[in-house]
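These notes concern the structure reproduced below.
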């Protein structure tokens, strides 16, 4: 009987914990310095291509998620491409003429 009571206590605690998790506690409950919302995030290295939210902390990307996230500053990127890590390789070289 003692064994059954301890198993019921563990099961009850697990059920309560699962209830709190299912109660809508956001996966990313932290605030960010900047959030870029609803942009088409593209990363050719990982082949990620989806509409998502980007959270930035201390100038670095902290998370890319489809979950709702908040920040002090937000940018609505609906209809725009967000391409973290792209480097613009376009350049001009004006070499002096050699004769």
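Of (1) surrounded by fewer than 10 Cβ atoms within 10 Å (Cβ to Cβ); (2) without any contact (Cβ under 8 Å) to a residue 24 or more places away in the chain, residue 64 satisfies all except one. Which? With (1) surrounded by fewer than 10 Cβ atoms within 10 Å (Cβ to Cβ); (2) without any contact (Cβ under 8 Å) to a residue 24 or more places away in the chain applied to residue 64, the lone miss is (1). Taken together, the residues in the stretch 28-39 that are over 10 Å from the mean Cα position of the chain (by Cα) and at pLDDT below 80 amount to 2.
Annotation: of all residues in the stretch 40-61 being under 10 Å from the mean Cα position of the chain (by Cα) and closer than 15 Å to residue 76 by Cα, the one that is surrounded by the fewest Cβ atoms within 10 Å (Cβ to Cβ) is 56.
The values are calculated or read from the model by the stated rules, or taken from the named source; none is laboratory data. Since the model is a prediction, treat every value here as computed from it, not as a measurement. Note that each Cβ is placed from the backbone with ideal geometry, even for glycine, and that neighbours are counted across all protein chains shown.
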